[in-house]
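So the structure is just underneath, and the comments pick up after that.
The values are calculated or read from the model by the stated rules, or taken from the named source; none is laboratory data. What you are looking at is a predicted structure, and each value in this text was computed from that prediction instead of being measured. Cβ sites come from the backbone with ideal geometry, for glycine too, and all protein chains shown count toward neighbours. All accessible areas refer to the heavy atoms of the entire protein, side chains included, with ligands and DNA or RNA removed. Shrake-Rupley method; radii C 1.70, N 1.55, O 1.52, S 1.80 Å.
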Amino acid sequence: MNLHQSKLYEEDLKTTLTHVVGAEKFYGKKVLITGATGTIGSFTADALIHLSQKRKADIRILLAGRSIEKLQNQFGNYDNVKYLSYDLNAPIEFDEDVDYVIHAAGNAHPAAFNGDPVGTIVGNVDSTHRLLEYAKNHGGKRFLYVSSGEVYGQGDSSLDAFDETYSGYMDVLSPRSCYPLSKRMAENLCVSYWKQYGVESVIVRPCHTYGPFMTPSDNRAHAQFLHNALSGKDIVMKSAGTQMRSYNYVADCVSGLLTVLVSGETGEAYNLANPKSALTIAEFAKKTAAAENCKVVFENPTESDVANRSPIPKQVLTTEKLECLGWRPAFGIDVGIRHTLDILKDVRKENA
């Protein structure tokens, strides 16, 4: 999917870069991104390509994914961009020196957690270990791990929001915990490499991030709502949707992520959210439906729906620590939903 066919997408990339604190630190550097075709990885890659091209920043960008053909089709050909074959479950076969590593690869949707909990654990932990070792041996100056707001577990709902020091309950005997527990372990690997080997590591914990890069296999609620609205279908709720969530448009997520990479304190974790975009799943569904004049309908859940349901009643993240770096979000929830839908519509028109 070539989102550059949308002028709105290009404008969002420009806005993102104006909100990155310390963007000049990328000039002349070599950056490796894993998971480069995912929701967050894709926008990160495009933001750095845009920064290099438009500001003559001379950034050399290594984009790693399972399919080089898919990477080429998605991003096109640039003199400063190289595509690398990468599978988080396999040893690293490429050999390139790097300045910055952004590890954004990994399964992030419930069907993967429930269908392959062992693979989820091994993939998160082993891939992080291999990449930290790679950074250590290839001149890496900084390593950024894309973790998850799920590391806070089933938090105390009486709290307004969770900060980076909070640690909620997690059922270690539930296979569904494979994802947040392995994310916690990978975070600890990062700070342990910093302490033991001097590999500078920083961590971001994104909340529910949405945007135009959504794979058909993504069965997270907000992704399904957006897919349905875009197709002119009713948005189907399989629960009351009372769970509270922090949401973040991918453009704001990436400006925060890049800020943390170059300006965050080594060995620290930072929440990635929009402080004004905390709402229930049902409220997100209603806003998405209103954007496309469709309806929200309720259906009884299947056994699979129940199995994939998150046990977390509240996942609202404070961003005070990130804002102390000078970062501010640019897109509210209504604008983020509107831009997601309009960008995808633009691409459909161009390809019609």
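The convex hull drawn around the Cα atoms of segment 1-129, when projected onto a plane and averaged over every direction, covers 8.6 nm².
Note on LYS276/ASN77: beta-carbon distance plugged into 1/(1 + (r/R0)^6) with R0 of 25 Å gives a FRET efficiency of 0.05. Computed over Cα pairs, the Kirkwood radius of segment 79-186 leads via Stokes-Einstein (1.567 mPa s, 4 °C) to a diffusion coefficient of 84 µm² per second. At full extension, SER67 and THR165 could sit 31.5 nm farther apart than now, given 0.36 nm per residue minus the alpha carbon distance.
Calculate, for GLU320 and ASN2, the FRET efficiency according to 1/(1 + (r/R0)^6) with r their C-beta to C-beta distance and R0 35 Å; round to the nearest 0.05.
Working: r = 37 Å, r/R0 = 1.07.
Working from the Cβ atoms, E equals 0.40.
In terms of packing, defined here as the mean over residues of other Cβ atoms within 10 angstrom, the peptides 142-150, 238-246 line up highest first as 142-150, 238-246.
Which whole DSSP H helices in the chain pass both tests: a Cα extent of 20 Å or more along the axis and a mean Kyte-Doolittle value no lower than -1.0? In the chain, the long hydrophobic H runs are 39-54, 117-137, 178-197, 333-351. So which lysines pass the test for LYS70, namely a Cα distance under 16 Å, with those fewer than 8 places away in the same chain ruled out? Cα-Cα hits under 16 Å: LYS82. Suppose R0 equals 41 Å. What FRET efficiency, 1/(1 + (r/R0)^6) with r the Cβ-Cβ distance, do ASP87 and SER239 give to the nearest 0.05? My answer for the efficiency is 0.75. Ranking TRP194, SER182, ASN219 by how far each Cα lies toward the positive end of the dipole of segment 147-246 (charges on Cβ) leaves ASN219 at the top.
Rank-order 100-109, 131-140 by packing density, defined as the average count of other C-beta atoms within 10 Å over each peptide's residues, highest first.
For the peptides 100-109, 131-140, the packing ranking is 100-109, 131-140.
Restriction of the trypsin sites (Lys or Arg not before Pro) in segment 270-352 to DSSP coil positions whose beta-carbon has at most 14 other beta-carbons within 10 angstrom yields LYS276, LYS295.
Determine the sum of side-chain charges near ASP12: Lys and Arg each +1, Asp and Glu each -1, restricted to other residues whose C-beta is under 11 angstrom from that of ASP12.
Value of the local net charge: -3.
Projecting the Cα positions of ALA290, HIS19, GLY149 onto the charge dipole of the chain (unit charges on Cβ atoms of Lys, Arg, Asp and Glu, taken about the Cα centre) puts ALA290 furthest along the positive direction. With respect to the cross-link table entries LYS30/LYS183; LYS54/LYS345; LYS30/LYS136; LYS136/LYS195; LYS29/LYS56, which display a Cα-Cα separation exceeding 21 Å? Check vs 21 Å cut-off fails for LYS30/LYS183; LYS54/LYS345. Between ARG130 and PHE94, residue separation times 0.36 nm minus the direct Cα-Cα distance comes to 11.7 nm.
Of all aspartates and glutamates in the structure, those lying under 16 Å Cα to Cα from LYS276, and not within fewer than 8 positions of it along the same chain, are ASP160, ASP163, ASP252, GLU320, GLU323, ASP334.
Leaving ligands, DNA and RNA out of it, report the carbon-plus-sulfur percent of the accessible area of the chain at a 1.4 Å probe. Numbers along the way, then the final one.
Values: 7250 of 14980 Å².
Accessible surface attributable to carbon and sulfur in the chain totals 48 percent.
Counting only other residues whose beta carbon sits under 12 Å from that of GLU96, what net charge do I get with K and R as +1, D and E as -1? Summing Lys/Arg as +1 and Asp/Glu as -1 gives -1.
I'd like to check one number: the per residue accessible area of the chain, probe 1.4 Å, reported in Å² as a whole number. Let's see the in-between values first.
On the way: 14980 Å² over 352 residues.
The answer is 43 Å² per residue.
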